[in-house]
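Colleague: Here it is, the structure in full.
Every read-out reported here was derived from the displayed coordinates using simple, explicitly stated rules and does not represent laboratory data. It should be emphasised that the depicted structure is a prediction, and the values quoted were computed from it without experimental measurement. As a convention, Cβ positions derive from the backbone with ideal geometry for all residues, glycine included, and neighbour counts pool all protein chains shown.
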Amino acid sequence: MHSRGLFALGALATFVATGAPILAQKQASTLERMTRTSDIIAHVSVRSTKEAGLQLETVLAVRKLMHGTHDGDIVLRELSQRHCGSACHGLDVGEQFMLFAARRGTKLVPIGGSRGLVAIHPGTLAAITRLLETHGTKERLALLTTQLADNDTRVREDAALALPTLRGLEGLGDVQAKQLRAALATSARGKDGRLPCLLLAAVRAVPRDAARTAWRIFADPTSRRIAPLAASVLLQAPRPIMLGTIDLNAFPKEPDRVHLAELLAKAGRTARPSLERLLRDKHRSVQTAATAALLELGTSARTLQARVGAAVLGQAQASLAARSKRRFRAIRGLGRR
């Protein structure tokens, strides 16, 4: 996988681990992924369902086998008590689904629990059929960017979840890039659940749009939950784009400008001009954060003292020393485990 793709997956993994574990579960069971990895894909209807001891047994009649080999009905068994990973609880006789299943020994198991049983809608069925028929990387990306605007909710969400995991986004065509921009703008306005994945796809395909959106999120006090992901996206963007899309007026509050200085410290020496603007801030905490960042980036203490004075410089140096001590203690703590 392309190195930027790996960065995107790492950023998403960090976001998932800290704030949205359900996202990882969904990403492992998107329509895109399941059409590539399932042992059985079939249009099924529920023939019967019954509890037998501690097990719930569901018999599915195969109406059309779309991938894999299987003879006769499909029998799914799971614990009769509803649990994490349940797929068949609450199904009614006659209901129709698309089944995506993996073989586990002699058993078939729906992928992703209930996500492996996809309700039949015209849009869903058409999307699955197209995914099964489309194999090339460019063709698959083109299909997914089209599906970002699909009328079916599952199709739209799964397309967004799948995009950042795939190769080739850096070479997205003009039409597909336009579709991705439109989906990102819509998602950002509504702050919907697709936004994290669309940001990670966009920073590889349309980085300027991704950076502008990420800056708005990073500056928005109501978006703290995904602010770390926005920061990761900004650091992944090419530096001229990241730094060229900053709007300091979007950070009217003192604590927000402190966070901005801390982020710019991670952007490298090309961030110096932006940090030097923050040295002129009226708030001492912002001056201190910008001074500490510039010290980290190699600006001399003498130069900074002439700009901000000995007191602010001293605070910045003390802040860096305390941060270094915390890192050292954390590393020692890991070594003792």
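Colleague: Most fluctuating residue of LEU235, LEU200, LEU91 in a GNM of the chain with Cα springs under 10 Å: which is it?
Modeller: Sorting by GNM fluctuation, first place goes to LEU91.
Colleague: What angle do you read, to the nearest 10 degrees and between 0 and 90, between the alpha-carbon axis of helix 227-236 and the longest principal axis of the chain?
Modeller: Its long axis makes an angle of about 80 degrees.
Colleague: Between PRO252, PRO221, PRO110, which gets the highest mean-square fluctuation from a Gaussian network model of the chain, Cα cutoff 10 Å?
Modeller: Of PRO252, PRO221, PRO110, the Gaussian network model singles out PRO252 as fluctuating most.
Colleague: Now for a different question. Counting other C-beta atoms within 10 Å, which of THR35, THR49 has the fewest, and how do the rest follow?
Modeller: Result, fewest neighbours first: THR49, THR35.
Colleague: Another one. May I ask for the angle, rounded to the nearest 10°, between helix 254-265 and the longest principal axis of the chain, with both axes built from Cα atoms and the value confined to 0 to 90°?
Modeller: Compared with the principal axis, the helix lies near 80 degrees.
Colleague: What is the percent of Cα-Cα separations in the chain that go past 36 Å?
Modeller: 37
Colleague: Shifting gears a bit: Give the value in nm², to one decimal: projected area of the alpha carbon convex hull of region 260-337, averaged over all directions.
Modeller: If I average the Cα hull's projected area over directions, I get 5.4 nm².
Colleague: Along the positive direction of the dipole of region 148-212 (beta-carbon charges: Lys, Arg +1; Asp, Glu -1; about the Cα centre), which of LEU184, ALA211, LEU172 reaches farthest?
Modeller: Farthest along the dipole direction, towards plus: ALA211.
Colleague: State the extension gain, in nm to one decimal, for the chain segment bounded by HIS89 and ASP220, taking 0.36 nm per residue of separation less the distance between their alpha-carbons.
Modeller: 43.1 nm
Colleague: Highest GNM mean-square fluctuation, the chain, Cα pairs closer than 10 Å: which of VAL44, VAL206, VAL75?
Modeller: Maximum fluctuation in the GNM of the chain, among the listed residues, is at VAL75.
Colleague: Here is a further query. What angle, in degrees between 0 and 90 and rounded to the nearest 10, separates the Cα long axis of helix 137-147 from the longest principal axis of the Cα atoms of the chain?
Modeller: The angle comes out at about 90 degrees.
Colleague: Using the basic label-point model (7 angstrom from Cα toward the beta carbon), what is the LYS138 to ARG302 distance in nanometres?
Modeller: About 5.8 nm separates the two model spin labels.
Colleague: What translational diffusion coefficient, in µm²/s and rounded to a whole number, does the Stokes-Einstein relation yield for region 113-265 at 20 °C and a viscosity of 1.002 mPa s, taking the hydrodynamic radius as the Kirkwood radius over Cα pairs?
Modeller: Rounded to a whole number, D works out at 130 µm²/s.
Colleague: Quickly work out the GLU276-to-THR153 label distance, labels modelled 7 Å from Cα along the C-beta direction, and quote it in nm with one decimal.
Modeller: Once both label points are built, they end up 5.2 nm from each other.
Colleague: If you don't mind, another one. Residue by residue through region 311-318, which ³J(HN,Hα) values in whole Hz follow from phi under the Karplus form 6.51 cos²θ - 1.76 cosθ + 1.60 (θ = phi - 60°), with glycine and proline marked x?
Modeller: 5, 5, 4, x, 5, 5, 5, 5
Colleague: If you plug each phi of region 38-44 into the Karplus form 6.51 cos²θ - 1.76 cosθ + 1.60 with θ = phi - 60°, what whole-Hz ³J(HN,Hα) values come out, in order, with x for Gly and Pro?
Modeller: Calculated HN-Hα couplings, in order: 6, 7, 10, 10, 8, 7, 10 Hz.
Colleague: Could I ask something else about it? Spin-label point model (7 Å from Cα, Cβ direction): what's the GLU170 to GLU254 distance in nm?
Modeller: Modelled inter-label distance: 4.4 nm.
Colleague: Here is a further query. Contour minus end-to-end for LYS50 and THR37, with contour as 0.36 nm per residue of separation and end-to-end as the Cα-Cα distance?
Modeller: Values: separation 13, 0.36 × 13 = 4.68 nm, distance 2.92 nm.
Once the chain is fully extended between LYS50 and THR37, it gains 1.8 nm.
Colleague: In region 95-119, which residues have a backbone nitrogen under 19 Å from the label point lying 7 Å from LEU65's Cα in the Cα-to-Cβ direction?
Modeller: Within reach of a label on LEU65, which here means backbone N under 19 Å from a point 7 Å along Cα→Cβ, region 95-119 contributes 97-111.
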